Amino acid sequence: MIKNILCITLLVCSFFTEAQTNTIKNLDNLFDNLESENKAMGTISIFKNGSEIYQKNIGFSNLKNKTTADKFTKYRIGSITKIFTTTIILQQIDEGKLTLNTLLKDYFPAIQNAGKITIEDLLRHESGLANITEDKDIGTWITQPQTREKMIARFVKNGIQFEPKEKSKYSNTNFIILSYISEILDKKSFSEILKSRIIKPLNLKRTEFGNPIVPKNNEALAYYFEENKWNLIDMQTHMSAPMGAGAIVSTSSELNIFFSNLFSQKLTSATSLKKFLNIKKEQGLGIMQLNFKGLKIYGHDGGIDGFQSFALYIPEKKTSMAFTFNGLNTLIMPTVISILDSYFKNDPSLKEKPSIKLTSKELDTYLGVYGGKTFPAKVTFTKKENTLFAQATGQPIFKLIAIKKDSFIYDSMGIQFDFNIKTKTMELTFGGKKHLLKKE
């Protein structure tokens, strides 16, 4: 009996070891291709059950000196900062210092609609406040030190775009204000709050409020790809401007430490974490929800000064992933989906959408180029034998699944294409939004 149990245990261990080996190979192949094709430079980390199971670095942190990135290379993480800021605000709510219904007028009454805008409105991007990064004069001040007074004056000047709760529209203004409120409550700078509330408790060594980049301290420089080479981006945002909207620097591994602790209720109460993940229109409190083959994924992207990043957590799999790039010659979301595809390629538990089979001739009616006013790219549909493919301008081509007549999906990203043959139009549904495109 004991011998049989031992054999079964060895077989199970062998199965999981082989599966993990295949997953690592899939990921290595993907990142090696991204590097060889000059699609990306940066670091990648994956945690499961709170421990790192995969880490890889591609490209250079400093191209001039041919310095390769490593696990400890620091990157500007842009808007992933918003999840840190939300965590701090929720901690202050746990301490009774404010509530989600606290009004903005209690802190900054000069801002338009301050008597209507709540903390929750700011967290959900439902305040209506104009996005400061759309300020027409931003290029004249973004690289210079900024005071709270100067920034608030800009918010007042830029005003509102809609009434609170009328709709949701992404605005960095919301999270800069939230970081100011946290400073008022704790009577500390946001940098000091970040250290005392998150960095020190988690023993993070390479996470901090950003400063001018110092390459010799293993801090990555950012690059863009043009004329068949990576080119240095020499502009640097002064972090006193984005504050709680985008001022943090970190590593992919330490982002995963933060996410693992956040989702295991070690940074906020269970009640606050539940509020954090109360999703409305795919938006939580400073965090977004994505769906991947039946999995709920929570996370945020980040983009600043050429740096591109993404951090996510998958509760069902107790898995977190973080990607910090100092050079990205493609869009971040297709890259993230490719990584998820590679990681879950051999996972039989993921749901597959029911599909129907169409002949090659039946697909002919869908072929062509579609464009519309509300969608930023044209979409070209092609076929290979009895499979339909779609490709947005400048993006990778991807295979579609027919779920019923005239309806197709790209399952990994949850994109649906519904064709109307009579009107020669196609409705594209992605991220809860619908776009009507017409055949050209």
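The values are calculated or read from the model by the stated rules, or taken from the named source; none is laboratory data. Treat the numbers as computed from the prediction; the structure is a model and nothing was measured. Using ideal geometry, Cβ is built from the backbone for each residue, glycine included, and neighbour counts are taken over all protein chains shown. Accessible surface is based on the protein model in full, side chains and every heavy atom, while ligands, DNA and RNA are left aside. Shrake-Rupley method; radii C 1.70, N 1.55, O 1.52, S 1.80 Å.
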What trypsin sites (Lys or Arg not before Pro) does the range 275-355 have in DSSP loop regions with at most 15 other beta carbons within 10 Å? Lys281, Lys318, Lys345, Lys351
Taking a 1.4 Å probe, which of Thr86, Thr143 shows the most accessible area, and what order do the others take after it? Thr143, Thr86
Scattering profile of the range 241-299 from the Debye formula, Cα beads only, expressed as log10 I(q)/I(0) at q = 0.21, 0.24 Å⁻¹, is -1.03, -1.19
From Cα coordinates alone, what are the radius of gyration and Dmax values for the range 164-219 in angstrom? 15.0, 48
Mean Cα-pair separation over length for the range 185-267, i.e. relative contact order, pairs under 8 Å, 6 or more apart, %: 30
In percent, how large is the relative contact order of the range 297-440, given Cα pairs closer than 8 Å and 6 or more residues apart? 15
So, with a 1.4 angstrom probe, what is the percent of accessible area on the chain that is carbon and sulfur? 53
Restricting to DSSP loop positions (anything but H, G, I, E, B) with no more than 12 other Cβ atoms inside 10 Å of their own Cβ, which GluC sites (Glu not before Pro) remain in the range 212-271? Glu227
Using the Cα gyration tensor of the range 23-75, with a ≥ b ≥ c the square roots of its eigenvalues, what is the shape: rounded (a/c below 1.5), prolate (a/b larger than b/c) or oblate (neither)? oblate
Is there a pair in Lys74/Lys317; Lys48/Lys71; Lys74/Lys205; Lys167/Lys296; Lys74/Lys195 whose C-alpha atoms are over 19 Å apart, and which pairs would that be? Lys74/Lys317; Lys167/Lys296
So which GluC sites (Glu not before Pro) in the range 93-151 end up in coil per DSSP with only 15 or fewer other C-beta atoms within 10 Å? Glu95
Probe 1.4 Å, protein heavy atoms only - accessible area per residue of the chain in square angstrom: 48
Under a no-solvent Debye model with one identical scatterer per Cα of the chain, what's log10 I(q)/I(0) at q = 0.08, 0.10 Å⁻¹? -0.51, -0.79
Given the options Phe108, Phe307, Phe190, state which has the largest fluctuation in a GNM of the chain using a 10 Å cut-off (strictly under) for Cα springs. Phe108
Taking the Cα atoms of the range 42-176 alone, what are Rg (to one decimal) and Dmax (as a whole number) in Å? 19.0, 54
Calculate for the chain the 222 nm mean residue ellipticity that helices alone would give, adding -39,500 (n - 2.57) per DSSP H run of length 4 or more and normalising by residue count, nearest 500 deg cm²/dmol. -8500 deg cm²/dmol
Average Cα contact separation per residue, the chain, under 8 Å, 6 or more apart, as relative contact order %: 18
Within a Gaussian network of the chain (alpha carbon springs, distance under 10 Å), most fluctuating of Ile193, Ile421, Ile181: Ile421
